[in-house]
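First comes the structure, then the notes that go with it.
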Amino acid sequence: MSDILALAYPWVKALHIISVISWMAALFYLPRLFVHHTEQGGLSGATHDLFAMMEFKLARVIMRPAMHATWTFGLLLVFTPGIVDWSAIWPWTKAASVLAMTVFHTWLIIRMKAFQRGENSVSGRQYRLMNEVPTVLMIIIVFSVVVKF
């Protein structure tokens, strides 16, 4: 099995990068939709319905499959011999950040479902602040993998 992973490494790495880019794009965009939904769309009516549909499709058609692909290809990379030095700090900071990114993803899904029910308890400003979470996590992940501290 490890021979197969070693041979597939460049392909798996490329698919992992593509998946991460797709996931990050959705994680950046969905909170922005929530900002506009909160400030422009209200919780009922045609504009609300349009935002709810856009949020649902982004979350289910792009964000969820991209997260699953990111995790799948990432775990394949982890199990590829010689790729991860678990005695270093970087794999642990990356792993913690990816877990935090997954928690953020889950929070976004919870917020999306609330909008679909016509409920929202978060302000546009709070969504703007939460929109910075994936940026901070991305910075930690990139420095962890590239610098390998």
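Pairwise alpha-carbon distances in segment 85-149 exceed 17 Å for 50% of all pairs.
Quick one: pull the percent of accessible area on segment 1-121 belonging to carbon and sulfur, 1.4 Å probe, ligands and nucleic acids left out.
Details: 4700 of 6690 Å².
Of all accessible area on segment 1-121, carbon and sulfur atoms account for 70 percent.
At each listed q (0.14, 0.24, 0.26, 0.29 Å⁻¹), what is the log10 of I(q)/I(0) that the Debye formula gives for segment 8-74 modelled as equal alpha-carbon point scatterers? Taken in order of the listed q values, log10 I(q)/I(0) reads -0.48, -0.91, -0.99, -1.12.
Dipole of the chain (Lys/Arg Cβ +1, Asp/Glu Cβ -1, origin at the Cα centre): which of Val98, Phe73, Ala114 lies farthest to the positive side? It is Ala114.
Taken about its Cα centre, the chain carries a charge dipole of roughly 140 debye when the Cβ of each Lys and Arg holds +1 and the Cβ of each Asp and Glu holds -1.
Projected over all directions and averaged, the alpha-carbon convex hull of segment 36-149 occupies 7.7 nm².
Full extension from Leu129 to Leu7: what is 0.36 nm times the residue separation minus their Cα-Cα distance, to one decimal in nm? Present the calculation step by step, with values, prior to reporting the outcome.
On the way: separation 122, 0.36 × 122 = 43.92 nm, distance 4.24 nm.
So the extension gain works out to 39.7 nm.
Would you mind working out the accessible area per residue for the chain, using a 1.4 Å probe, and quoting it in Å²? Before the final figure, lay out the partial values.
Details: 8470 Å² over 149 residues.
For the chain, the per-residue accessible area is 57 Å².
Shown are Ser87, Ser97, Ser2, whose ranking by accessible area with a 1.4 Å probe and every protein chain present, most to least, is Ser87, Ser2, Ser97.
Which loop trypsin sites (Lys or Arg not before Pro) in segment 71-149, with loop taken from DSSP, have no more than 14 other Cβ atoms within 10 angstrom of their Cβ? Show your work: numbers first, answer last.
Working: sites: Lys94, Arg111, Lys113, Arg117, Arg125, Arg128, Lys148; in loops: Arg117, Lys148.
Those satisfying the criteria are Arg117, Lys148.
For chymotrypsin sites (Phe, Trp or Tyr not before Pro), the sites in segment 80-121 that DSSP calls loop and that have at most 10 other Cβ atoms within 10 Å are Trp86.
Dividing the summed helix terms, -39500 (n - 2.57) for each DSSP H run of n ≥ 4, by the number of residues in the chain produces a 222 nm estimate of -25500 deg cm²/dmol to the nearest 500. Note on Ser44: accessible area approximately 90 square angstrom, rounded to 10, probe 1.4 Å, nucleic acids and ligands left out.
Using Cα-Cα distances under 8 Å and only pairs 6 or more residues apart, what relative contact order does the chain have, in percent? Walk me through the numbers on the way to the answer.
Details: 132 pairs, mean separation 55.2, N = 149.
Relative contact order of the chain: 37 percent.
Here the 3J(HN,Hα) profile of segment 108-124, calculated from phi with Karplus coefficients 6.51, -1.76 and 1.60 at θ = phi - 60°, is 4, 5, 4, 5, 4, 5, 5, 4, 4, 7, x, 10, 6, 10, 10, 7, x Hz, Gly and Pro shown as x. Look at the alpha carbon pairs under 8 Å that are at least 6 residues apart: their mean separation over the length of segment 1-82 gives a relative contact order of 57 percent. By a 1.4 Å probe calculation restricted to protein chains, His68 has an accessible surface near 100 Å², given to the nearest 10.
The values are calculated or read from the model by the stated rules, or taken from the named source; none is laboratory data. Only a predicted model underlies this, so the values are computations on that prediction, with no experimental measurement involved. Here the Cβ is made from the backbone with ideal geometry for all residues, glycine too, and neighbour counts use every protein chain on show. Heads up: the accessible areas ignore ligands, DNA and RNA and are worked out on the full protein's heavy atoms, side chains in. Shrake-Rupley method; radii C 1.70, N 1.55, O 1.52, S 1.80 Å.
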